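The values are calculated or read from the model by the stated rules, or taken from the named source; none is laboratory data. Just so it is clear, the model here is predicted, and its values are computed rather than measured. Here Cβ is always computed from backbone atoms with ideal geometry, including for glycine, and neighbour counts include all displayed protein chains. Just so you know, the surface numbers come from the protein's heavy atoms only, side chains and all, with ligands and any DNA or RNA stripped out. Shrake-Rupley method; radii C 1.70, N 1.55, O 1.52, S 1.80 Å.
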Amino acid sequence: WIVSSLQSLSAQGVIPVTSIVHRRGNREASSSSESDSDSDTDEASASPDKVKVLWGPAPSTELVVTENGMRMKVDIYNGQKTGLFLDQRENRQAVASLCRGQRVLNLFSYNGGFSLAAALAGAKQVTSVDIARPAIQDAIENFKLNGLDPQQHEFLARDAYEHMQECIRQGRQFD
């Protein structure tokens, strides 16, 4: 019912949906049967073990989405979970409303959605910390996509708990 609802909303022009995909977890992908490949939907060629196209063309590996005016690179083929945590859309907007002129710390920043929202809202400086180097690289790219200079912010590929301990030792604080 979700697929048909999204197709209907797209046809009505309510939301611009061009493709609907199912991103399978590692366990689900490894247990998929040969009968899956015989279904009437095509597997996405970039990573057939993870992404199955349910409707529309296979999305590009260089997918950019716009959320509340922010442009963000999304990797549905190799990124964590879905590539972008859509359920956090309202939370990113709420955080943005609090960040003007502030020094912001984003732990477990992934691709920098909260960091980007804070920076675009006028945060003085944003520090993004994630243990996954590719996620930090995506966050830097997302800043560039939005005309922000990543050099004015801090991006750290390291353990968030270790970073917090270091901030405590150094007396470093954020707003």
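Here's a check for you: in the range 69-84, which residue that is at pLDDT 75 or above and within 8 Å of the chain's Cα centre (by Cα) is farthest from Lys144 (Cα to Cα)?
Asp75
Which residue is modelled with the lowest pLDDT, if the candidates are limited to the range 16-31 and must be open to solvent by less than 60 Å² (accessible area, probe 1.4 Å) and farther than 15 Å from Asn78 by Cα?
The initial filter retains those residues of the range 16-31 that are open to solvent by less than 60 Å² (accessible area, probe 1.4 Å), namely 17, 19-21, 23-25, 29.
This time we only want the ones that are farther than 15 Å from Asn78 by Cα, so: 17, 19-20.
On the way: Val17: 73, Ser19: 77, Ile20: 76.
In this case the residue turns out to be Val17.
Can you tell me which of Asn106, Asn111, Asn91 is surrounded by fewer than 15 Cβ atoms within 10 Å (Cβ to Cβ), touching a helix residue (DSSP H, G or I) at 6+ places or on another chain (Cβ under 8 Å) and either in contact (Cβ under 8 Å) with a residue 12 or more places away in the chain or among the β-branched types (Val, Ile, Thr) (or both)?
Working: Asn106 fails: surrounded by fewer than 15 Cβ atoms within 10 Å (Cβ to Cβ); Asn111 fails: surrounded by fewer than 15 Cβ atoms within 10 Å (Cβ to Cβ).
Asn91 is the lone residue from the list that is surrounded by fewer than 15 Cβ atoms within 10 Å (Cβ to Cβ), touching a helix residue (DSSP H, G or I) at 6+ places or on another chain (Cβ under 8 Å) and either in contact (Cβ under 8 Å) with a residue 12 or more places away in the chain or among the β-branched types (Val, Ile, Thr) (or both).
Can you name every residue in the range 92-124 that is β-branched (Val, Ile, Thr) and in contact with a strand residue (DSSP E or B) (Cβ under 7 Å, 6 or more places away or on another chain)? Even if it seems obvious, please write down each step before you answer.
We begin by selecting, within the range 92-124, every residue β-branched (Val, Ile, Thr); these are 95, 104.
Within the range 92-124, just Val104 meets the criteria.
Would you pick out the residues in the range 146-172 that are open to solvent by 60 Å² or more (accessible area, probe 1.4 Å) and either in contact (Cβ under 8 Å) with a residue 40 or more places away in the chain or of a type in the set (Asp, Glu) (or both)?
Asp149, Glu162, Met164
Report yes if Phe143 is touching a residue at least 12 places away in the same chain (Cβ under 8 Å), over 18 Å from Arg71 (Cβ atoms) and aromatic (Phe, Trp, Tyr), otherwise no.
Working: touching a residue at least 12 places away in the same chain (Cβ under 8 Å): yes; over 18 Å from Arg71 (Cβ atoms): no; aromatic (Phe, Trp, Tyr): yes.
Here the answer is no, as Phe143 does not meet what is asked.
Any residue in the range 134-152 that is closer than 19 Å to Asp175 by Cα and out of contact with any Gly (no Cβ under 7 Å at 6 or more places or on another chain)?
Here is the first cut: in the range 134-152, the residues closer than 19 Å to Asp175 by Cα are 152.
If we keep only those that are out of contact with any Gly (no Cβ under 7 Å at 6 or more places or on another chain) too, we end up with 152.
Yes, the range 134-152 has at least one match.
Taking the range 43-63 on its own, how many of its residues are outside any loop (DSSP other than H, G, I, E, B), open to solvent by 40 Å² or more (accessible area, probe 1.4 Å) and either at pLDDT 75 or above or under 15 Å from Glu141 (Cβ atoms) (or both)? It would help to see each step written out before you state the result.
Applying the first criterion (outside any loop (DSSP other than H, G, I, E, B)) to the range 43-63 yields 43, 51-55, 63.
Restricting the remaining residues to those that are open to solvent by 40 Å² or more (accessible area, probe 1.4 Å) gives 43, 54-55, 63.
Then drop every residue that is not either at pLDDT 75 or above or under 15 Å from Glu141 (Cβ atoms) (or both), which leaves 54-55, 63.
So the count comes out to 3.
Mind checking whether some residue in the range 64-75 is basic (Lys, Arg) and either touching a His at 6+ places or on another chain (Cβ under 8 Å) or not in a helix (DSSP H, G or I) (or both)?
From the range 64-75, those basic (Lys, Arg) are 71, 73; that's our starting set.
Remaining after also requiring either touching a His at 6+ places or on another chain (Cβ under 8 Å) or not in a helix (DSSP H, G or I) (or both): 71, 73.
Within the range 64-75, one or more residues are basic (Lys, Arg) and either touching a His at 6+ places or on another chain (Cβ under 8 Å) or not in a helix (DSSP H, G or I) (or both).
List, please: which pairs have Cβ atoms under 9 Å, are six or more places apart or on different chains, and start with a residue in the range 7-21 that is farther than 17 Å from Val53 by Cα and end with one that is surrounded by fewer than 10 Cβ atoms within 10 Å (Cβ to Cβ) and at pLDDT below 75?
These pairs meet every condition: Leu9/Ile15.
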